[in-house]
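Chemist: Before we start, here is the structure in question, set down as structure tokens.
Any read-out appearing in this document is the output of simple, stated calculations on the displayed coordinates, not a laboratory observation. All values reported here derive from a predicted model rather than from experimental measurement.
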């Protein structure tokens, strides 16, 4: 039974690690185009290349900018949560390994004392 639990735990940790790698990759894949969209919207808002022909374009630029910033904030929150979960999982895993190693050392020590 214990071996089955260890295997299940290792599978769960592997899945968590895969999720962390996926989130890191998605971070780059989402941030790059989103930052380009936000930058373009800022150019429209500031009329960086000259006045826009229609005032509605300024409104559109503003709307795109605000929406992009909001989406970026949501993505950052999700990524921060994923990172936090990954760190917590690795910390638990490391703690369990240390606990297991200490238990094994104590058992070997106890066995040596009873034999000696």
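Chemist: In the Gaussian network model of the chain, springs joining C-alpha atoms below 10 Å, which of 15, 50, 39 carries the largest mean-square fluctuation?
Modeler: In this elastic network of the chain, the residue with the biggest mean-square fluctuation among 15, 50, 39 is 50.
Chemist: Here's something else I'd like to know. Run the helix sum for the chain: -39,500 (n - 2.57) per DSSP H stretch of 4+ residues, divided by residue count, reported at 222 nm to the nearest 500 deg cm²/dmol.
Modeler: For the chain, the value works out to -34500 deg cm²/dmol.
Chemist: Assuming a ≥ b ≥ c are the square roots of the Cα gyration tensor eigenvalues, decide whether the range 2-115 counts as rounded (a/c under 1.5), prolate (otherwise, with a/b larger than b/c) or oblate.
Modeler: prolate
Chemist: If I build a Gaussian network model for the chain, linking alpha-carbon pairs within less than 10 angstrom, which residue out of 49, 58, 34 has the largest mean-square fluctuation?
Modeler: 49
Chemist: Using Cα springs under 10 Å in a Gaussian network model of the chain, which residue among 32, 67, 100 shows the largest mean-square fluctuation?
Modeler: It is 100.
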